[in-house]
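So the structure is just underneath, and the comments pick up after that.
The values are calculated or read from the model by the stated rules, or taken from the named source; none is laboratory data. This is a predicted model, so every value here is computed, not measured. Note: ideal-geometry Cβ built from the backbone for every residue, glycine included; neighbour counts use all protein chains shown.
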Amino acid sequence: MAILKILQYPDERLHTVATKVSEVTDEIRTLVQSMAETMYAAPGIGLAATQVDVHQCVIIIDISDTHDLLHVLINPEITAASGKSDYEEGCLSVPGIFEKIRRAERVTVKALNIKGKHFILEADGLLAVCIQHEMDHLIGKIFVEYLSQLKQTRLRKKLTKQQRRVM
Ligand code: NI
């Protein structure tokens with residue numbers, strides 16, 4: 001296991017579209033362990049493989065306060081979605097920025113678990129928001145890209161300045 005480097009917006013690599021995992025191997029399990037370690041250390045409640053520059057369809061989520069309810073979704077697919085929710089989202093790849101984003105309130109997702117077995121997860125509230133946010137990473141989309149072009153331009157300028165100040 002290792003703490004992995006998290007790509008920072010507007011790094012172009014965050015726009016890479018991930019490929020499906022063909023088989024859940026020990027390599028994938030090691031990746032998931034390192035991703036979990038990285039997410040808990042950050043700390044964050046979700047992480048997509050894309051963010052650690054691995055372009056395979058793997059996301060992890062843990063919205064618990066106790067850090068012991070890890071969801072691992074490999075090749076996730078949303079099979080049903082309903083309702084609308086506006087939640088103020090943040091992202092480990094866009095530090096310090098929080099914006100309200102509209103998403104589905106409830107989703108049903110099918111995915112593979114760490115053992116390579118199919119499962120179905122029905123989620124609502126924060127878990128549903130987080131699943132949609134992380135799945136967006138897999139298609140190269142960052143949550144701030146739902147904002148207007150003007151807001152995105154301002155944001156990029158602000159983030160560039162922030163990066164300059166770090167010694
Ligand atoms: Ni994110």
From the set of residues in the range 84-96 that are over 15 Å from the mean Cα position of the chain (by Cα) and in a loop (DSSP other than H, G, I, E, B), which is farthest from the ligand (Cβ to nearest atom)?
K84
Please enumerate the residues belonging to the range 8-32 that are buried (at least 19 other Cβ atoms within 10 Å of the Cβ) and either closer than 16 Å to D136 by Cβ or not hydrophobic (A, V, I, L, M, F, W, C) (or both).
Y9, L14, A18
Pairs please, first residue from the range 78-91 and touching a residue at least 60 places away in the same chain (Cβ under 8 Å) and acidic (D, E), second anywhere and assigned to a loop (DSSP other than H, G, I, E, B) and surrounded by 11 or more Cβ atoms within 10 Å (Cβ to Cβ), Cβ atoms under 6 Å, 6+ apart in sequence or on different chains.
none
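Can you say whether G140 is at positive phi and touching a Leu at 6+ places or on another chain (Cβ under 8 Å), as far as the supplied structure shows?
It is true that G140 is at positive phi and touching a Leu at 6+ places or on another chain (Cβ under 8 Å).
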At pLDDT 95 or above, part of a loop (DSSP other than H, G, I, E, B) and surrounded by fewer than 21 Cβ atoms within 10 Å (Cβ to Cβ): is that true of K115 in this structure?
yes
Within the range 28-63, track down each residue that is part of a helix (DSSP H, G or I), more than 14 Å from the ligand (Cβ to nearest atom) and not aromatic (F, W, Y).
I28, R29, T30, L31, V32, Q33, S34, A36, E37, A41
So R103 fits all but one of (1) within 16 Å of the ligand (Cβ to nearest atom); (2) in contact (Cβ under 8 Å) with a residue 40 or more places away in the chain; (3) of a type outside the set (V, I, T); what number is the exception?
(2)
Out of I101, I131, I74, sole residue that is farther than 23 Å from D53 by Cα and touching a Leu at 6+ places or on another chain (Cβ under 9 Å):
I101
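Return yes when L69 is within 30 Å of T160 (Cβ to Cβ), not β-branched (V, I, T) and not in a strand (DSSP E or B) and no when it is not.
no
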